[in-house]
Amino acid sequence: MRAGNGLPMLLTKHLNKEFLKFVISGGINTLVTYLMYLLLLLFFNYSLSYSVSYVIGIFLSYYLNSVFVFKEKVSFIKFLKFPIVYLVQYLVNLLLLYILVEYLQLYVQIVPLVAMIITVPITFLLTKTIIKSK
């Protein structure tokens, strides 16, 4: 099979485009959420500021992933399922942190970055599953 022909090449091209958009939207979401946190700090304590900006980040993430990444209509039912992504991401990150620190003895300062690199593809697949579900 020549390069560029066939279903596997089409899937790879489409997946890479969606994944790149997913990473871009994640960067935008992180930046907006962080700036929102900093703004809220001017008026509220850090825990309330973090909580509000985190919830706003979930809304923004759902919207960006639906409209920009996967080109799907926004749906209330899908939105209700979307926090599952964040729960799974949190639990996987927590497990990875434990393994990387306790067993592999990596520095606690870099472990969240390593965990993030590992969980981004998991988060992508879970997000895609929820948003593209019928």
Which peptide among 97-108, 58-69, 27-38 comes first, and what is the full order, when sorted by highest mean count of other Cβ atoms within 10 Å?
58-69, 27-38, 97-108
Rolling a 1.4 Å sphere over the protein heavy atoms, what is the accessible area per residue of the chain, to the nearest Å²?
70
Restricting things to Cα coordinates, could you compute the convex hull volume per residue of the stretch 21-88 in Å³?
85
Carbon and sulfur atoms: what percent of the 1.4 Å accessible area of the chain do they account for?
75
Take a quick pass over the chain and tell me how many lysine pairs come in under 20 angstrom between Cα atoms, counting only ones 8 or more apart or on separate chains.
27
Computed lengthening from residue 68 to residue 80, 0.36 nm per intervening residue step minus Cα-Cα distance
2.4 nm
Starting from the Kirkwood Rh over alpha-carbon pairs, what translational D in µm² s⁻¹ does the stretch 62-134 have by Stokes-Einstein at 37 °C and 0.692 mPa s?
247
The list (i) 37, 19, 12; (ii) 29, 22, 13; (iii) 22, 18, 14 gives values of semi-axes √(5λ) of the Cα gyration tensor in Å, and only one came from this structure; which label was calculated from it?
(ii)
Over the chain, what is the relative contact order in percent, taking alpha-carbon pairs closer than 8 angstrom and at least six residues apart?
24
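The values are calculated or read from the model by the stated rules, or taken from the named source; none is laboratory data. On a predicted model such as this, the values are computed, not experimentally measured, just so you know. Don't worry about glycine lacking a Cβ; one is built from the backbone with ideal geometry, like all the others, and counts go over all protein chains shown. Accessible surface areas use protein heavy atoms only, side chains included; no ligands, DNA or RNA. Shrake-Rupley method; radii C 1.70, N 1.55, O 1.52, S 1.80 Å.
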